[in-house]
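Here the structure comes first, spelled out in structure tokens, and everything after it is commentary.
The values are calculated or read from the model by the stated rules, or taken from the named source; none is laboratory data. In this text the structure is predicted, and so the values were computed from the model without any measurement. Please note: Cβ atoms are built from the backbone with ideal geometry, for glycine as well, and neighbour counts cover all protein chains shown. Areas reflect the complete protein model, heavy atoms only, side chains present, ligands, DNA and RNA absent. Shrake-Rupley method; radii C 1.70, N 1.55, O 1.52, S 1.80 Å.
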Amino acid sequence: GNSAIGDFSPRIPLLIAGAGIRPGIYQGVVRSIDLMPTLLEQAGIPLPPNLDGVPLTPALQGKTLQDLAAFNETGIWIADIPGLPERHLRYPDLLELLEVPDRQTGTLAVKPEYARVTIQAKDRMIRQDRWKLVYQPLDEGYVLRLFDTESDPNCESDIASRHPEVTESLWGQLAAWMAEDPLFSPERDRIGTKGS
């Protein structure tokens, strides 16, 4: 399912096997951006500067890692999905949204006039340790939902009001990550007012 609310889309097992890698299971959060530095380090190749990810080598040796913040966003919805608030920001119907700019290849693309709203309408989330914060844009403002993935693995109970310090900490990181997207429009104040 393509949803930031449940843990189905972002929770994907990562399997690494090879010479010198100790068999074991690491239950912490890892990210796809950590794969390149891990493989480079395993191959003995120096890591380039300014790499987004970190090597997962300690986990491969049975040690714990620092708490990593993992980010995720939804793709383009074909239809409404469970968990969308009533006033969730929407983009046009799929047939209106897409075009085929190159008939030779048949590649589908989002029409340029809908690029910004498609980016703004995505649900986004941050997962760090046991906590998951989900951002859902509304026609005006947004909703933040906090879940404890240990006690609530299906992310059914929003506990943001009970843990305001965790919500604010994760929201600061998530808002900064979202602001890096050039199509995300901070001037529209999506990350400035909290909805209900």
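Could you give the angle, 0 to 90 degrees to the nearest 10, between helix 164-179's Cα long axis and the longest principal axis of the Cα atoms of the chain?
Value to nearest ten degrees: 80.
How large is the Rg to Rh ratio of the range 65-160 when both quantities use alpha carbon positions and Rh follows Kirkwood? It would help to have the intermediate numbers written out before the result.
Values: Rg = 16.4 Å, Rh = 15.3 Å.
Using only Cα positions, Rg/Rh for the range 65-160 is 1.07.
Would you kindly calculate the mean projected area, averaged across all directions, of the convex hull enclosing the Cα atoms of the range 32-74, in square nanometres?
3.7 nm²
Considering only C-alpha atoms, what is the centroid distance from the range 53-71 to the range 85-135, in Å?
Between the Cα centres of the range 53-71 and the range 85-135 lies a distance of 30 Å.
Of G62, V166, V30, which is farthest on the positive side of the dipole of the chain, counting Cα position, with +1 on Lys and Arg Cβ, -1 on Asp and Glu Cβ, and the Cα centre as origin?
Of G62, V166, V30, it is G62.
Sorted from largest down, give the three principal axis spans of the alpha carbons of the range 114-191, whole angstrom values.
39, 20, 19
Determine the per residue accessible area of the chain with all protein chains present and a 1.4 angstrom probe, expressed in square angstrom.
Details: 11610 Å² over 196 residues.
In whole numbers, the chain has 59 Å² accessible per residue.
Suppose the chain between Q173 and L138 were pulled fully straight at 0.36 nm per residue; how much longer would it get relative to their current alpha carbon spacing?
Length difference between fully extended and current span is 10.6 nm.
Given the peptides 51-60, 129-138, arrange them by the average over their residues of other C-beta atoms within 10 Å, most packed first. Before the final figure, lay out each step's value.
Working: 51-60: 17.0, 129-138: 21.2.
Highest to lowest by the protection proxy: 129-138, 51-60.
Which semi-axes, in whole Å and largest first, does the equivalent ellipsoid of the chain have when worked out from the alpha carbon gyration tensor as the square roots of 5 times its eigenvalues? Working shown, then result.
Working: eigenvalues 198, 111, 50 Å².
The three semi-axes for the chain are 31, 24, 16 Å.
Within the range 31-46, what residues put their amide N at less than 20 Å from the label point 7 Å along the Cα-to-Cβ vector of T64?
31
Between E180 and A109, what length comes free when the chain is fully extended (0.36 nm per residue of separation minus the Cα-Cα distance, one decimal in nm)?
Here the segment from E180 to A109 would lengthen by 23.3 nm.
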